[in-house]
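What follows is a set of notes on a single structure, which appears directly below.
The values are calculated or read from the model by the stated rules, or taken from the named source; none is laboratory data. Every value quoted in this text rests on a predicted model; they were computed, and no experiment measured them. Positions of Cβ are generated from backbone atoms using ideal geometry, with glycine treated the same way; all protein chains shown enter the neighbour counts. Note: areas computed on protein heavy atoms with side chains; ligands, DNA, RNA excluded. Shrake-Rupley method; radii C 1.70, N 1.55, O 1.52, S 1.80 Å.
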Amino acid sequence: MNLNHKFIHPNFKLNGISFSYEALKEVAYCLIKEGLPHEKPIGSFLLDWVNEDEYLAVATSGSTGVPKIINLRKQHMVNSAMATGDFFGLEGGNTALLCLPVDFIAGKMMLVRAMALGLALDYVAPNSNPLESITKSYDFSAMIPLQLENSLQKLKQLKLLIVGGAKMSDALKVAVTNKICKVYETYGMTETITHVALKPVNHLEDSTNTNFTALPKVDFTTDARGCLVINAPNISDEEVVTNDLVALVSSTEFEWLGRYDAIINSGGVKLFPEKIEAKISKVVNINFFVAGISDTVLGQKLVLITEGNVDKAQLWNTLQNLDTLDKFEVPKEIYAVESFIKTANGKIQRAKTVALISK
């Protein structure tokens with residue numbers, strides 16, 4: 001069922017108060033004028049939502065390129081919300097917690113889902129430990145990995161959590177294995193109005209399953225590079241061609257392999273940073289990533305970049321003795337930077353961070 005974007009479910013509540021479509025404009029003005037810093041973006045979004053425009057201007061995160069403004073059809077945003085509701089069986093009267101910044105699409109979509117599905121949505125200031133002062137329990141929420149990492153002790157207060165914005169580390173996946181809350185990793189981007197595919201992290205029937213499954217009315221193909229192509233007419237007028245290398249299992253299921261533009265060609269050998277990082281993260285508990293830097297002999301040299309002070313000698317010894325890495329996957333050098341450069345919503349800007357080591 002495709003609802004008109006002006007439809008507000010009768011069960012929709014915002015911080016315990018019911019609002020009609022017409023009343024949202026007054027709420028928006030109030031939040032913009034008198035609200036706390038994290039409430040003003042909510043007011044701005046609601047004001048944009050109830051204007052006469054069919055499109056909404058949304059900023060991309062800039063994690064894989066220059067941030068830009070794109071226009072999303074409001075109807076497509078509602079369609080995306082309904083698809084998530086169908087996938088998880090969310091319904092009117094369910095409770096939800098908004099703890100993401102509404103400046104970006106993930107936070108905006110929590111509001112759209114609440115309005116379209118009839119969720120009773122509470123919001124808190126978006127910080128790194130969103131459950132710290134929460135005493136209630138909620139049926140549904142969304143977080144970035146850093147928020148989840150800091151919420152493990154109180155995760156029982158959520159029944160269902162979707163995690164996006166960055167890849168979950170293997171250590172974090174292990175940490176939620178026995179939690180009551182069902183945790184799903186998301187795949188998507190601003191252009192696809194957040195996630196178009198989901199992967200269960202815990203409560204798995206098959207613990208070896210690493211595949212993402214499409215939302216309703218979404219299917220996949222690949223292009224000549226082996227990158228994912230998304231066909232989702234309910235949320236995008238055109239196919240979305242990505243730079244994500246995948247192993248396609250079926251038209252609705254894929255395994256994510258890594259970013260095409262992140263492939264490192266070292267002496268003719270193609271290296272996938274994300275796969276190498278997954279192997280290293282099983283034995284190394286620090287903030288790091290691997291990258292390729294220019295090398296006169298190899299073309300690109302694989303290096304590991306850490307954040308903060310680390311024992312390089314110990315780390316080097318660990319890498320040398322890690323039998324899951326083949327000889328080409330062992331970084332040639334280790335660099336340390338004081339802190340990674342990140343986008344406003346916490347994603348590492350790899351290229352800019354790599355540039356720090358050459359200064």
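Examine segment 186-204 for a residue that is open to solvent by less than 10 Å² (accessible area, probe 1.4 Å), in a loop (DSSP other than H, G, I, E, B) and within 25 Å of residue 54 (Cα to Cα), and state whether such a residue exists. Yes, because at least one residue in segment 186-204 is open to solvent by less than 10 Å² (accessible area, probe 1.4 Å), in a loop (DSSP other than H, G, I, E, B) and within 25 Å of residue 54 (Cα to Cα). For residue 312, the stated conditions hold: it is under 20 Å from residue 357 (Cα atoms), of a type in the set (Lys, Arg), out of contact with any Lys or Arg (no Cβ under 8 Å at 6 or more places or on another chain) and surrounded by fewer than 18 Cβ atoms within 10 Å (Cβ to Cβ). Here is the figure for segment 304-327: residues that are more than 23 Å from residue 294 (Cβ to Cβ), in a loop (DSSP other than H, G, I, E, B) and not aliphatic (A, V, I, L, M) total 6. The residues of segment 287-315 that are among the aliphatic types (A, V, I, L, M) and within 19 Å of residue 349 (Cβ to Cβ), listed by number, are 290, 291, 293, 303, 304, 305. Summed over segment 207-250, the residues that are among the hydrophobic types (A, V, I, L, M, F, W, C), in a strand (DSSP E or B) and open to solvent by 50 Å² or more (accessible area, probe 1.4 Å) give a count of 3.
For segment 304-322, the count of residues that are among the β-branched types (Val, Ile, Thr) and over 27 Å from the mean Cα position of the chain (by Cα) is nonzero. Among the conditions (1) crowded, with 16+ Cβ neighbours inside 10 Å; (2) among the β-branched types (Val, Ile, Thr); (3) in a strand (DSSP E or B), the only one that residue 280 does not satisfy is (3). Is at least one residue of segment 135-143 within 19 Å of the chain's Cα centre (by Cα) and not in a strand (DSSP E or B)? Within segment 135-143, none of the residues are within 19 Å of the chain's Cα centre (by Cα) and not in a strand (DSSP E or B).
When the residues of segment 1-35 are filtered to those that are surrounded by fewer than 17 Cβ atoms within 10 Å (Cβ to Cβ) and charged (D, E, K, R), the one that is farthest from residue 55 (Cα to Cα) is 34. Per the conditions (1) of a type outside the set (D, E, K, R); (2) closer than 22 Å to residue 168 by Cβ; (3) open to solvent by 70 Å² or more (accessible area, probe 1.4 Å); (4) modelled with pLDDT under 90, the sole criterion not satisfied by residue 296 is (2).
Flag: residue 170 matches the condition of being within 26 Å of residue 284 (Cβ to Cβ), surrounded by fewer than 20 Cβ atoms within 10 Å (Cβ to Cβ) and touching a residue at least 40 places away in the same chain (Cβ under 8 Å).
From the list 163, 102, the lone residue that is under 16 Å from the mean Cα position of the chain (by Cα) and in contact (Cβ under 8 Å) with a residue 60 or more places away in the chain is 102. When segment 39-50 is filtered for residues that are out of contact with any Pro (no Cβ under 8 Å at 6 or more places or on another chain) and outside any loop (DSSP other than H, G, I, E, B), the ones remaining, listed by number, are 40, 42, 43, 44, 45, 46, 47, 48, 49.
Table: residues versus (1) part of a strand (DSSP E or B); (2) under 28 Å from residue 168 (Cα atoms); (3) open to solvent by 30 Å² or more (accessible area, probe 1.4 Å).
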| site | (1), (2), (3) |
| --- | --- |
| 37 | no, no, yes |
| 52 | no, no, yes |
| 82 | no, yes, no |
| 96 | yes, yes, no |
| 109 | no, yes, no |
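Taking first residues from segment 44-62 that are at pLDDT 90 or above and among the β-branched types (Val, Ile, Thr) and partners that are open to solvent by 70 Å² or more (accessible area, probe 1.4 Å) and assigned to a helix (DSSP H, G or I), the Cβ contacts under 8 Å between residues at least 6 apart in sequence or on separate chains come to 50/25.
Across segment 181-200, the number of residues qualifying as touching a helix residue (DSSP H, G or I) at 6+ places or on another chain (Cβ under 6 Å) and at pLDDT 95 or above comes to 1. Residues in segment 128-146 that are more than 16 Å from residue 201 (Cα to Cα) and either open to solvent by less than 30 Å² (accessible area, probe 1.4 Å) or of a type in the set (Asp, Glu) (or both): 6 in all.
Yes/no matrix, rows are residues, columns are (1) under 18 Å from residue 187 (Cβ atoms); (2) over 22 Å from the mean Cα position of the chain (by Cα); (3) touching a residue at least 60 places away in the same chain (Cβ under 8 Å):
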| residue | (1), (2), (3) |
| --- | --- |
| 245 | yes, no, no |
| 274 | yes, no, yes |
| 283 | no, yes, no |
| 293 | no, yes, yes |
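Residues of segment 111-125 that are crowded, with 17+ Cβ neighbours inside 10 Å and either assigned to a strand (DSSP E or B) or out of contact with any helix residue (DSSP H, G or I) (no Cβ under 7 Å at 6 or more places or on another chain) (or both): 114, 115, 118, 120, 121, 122, 123.
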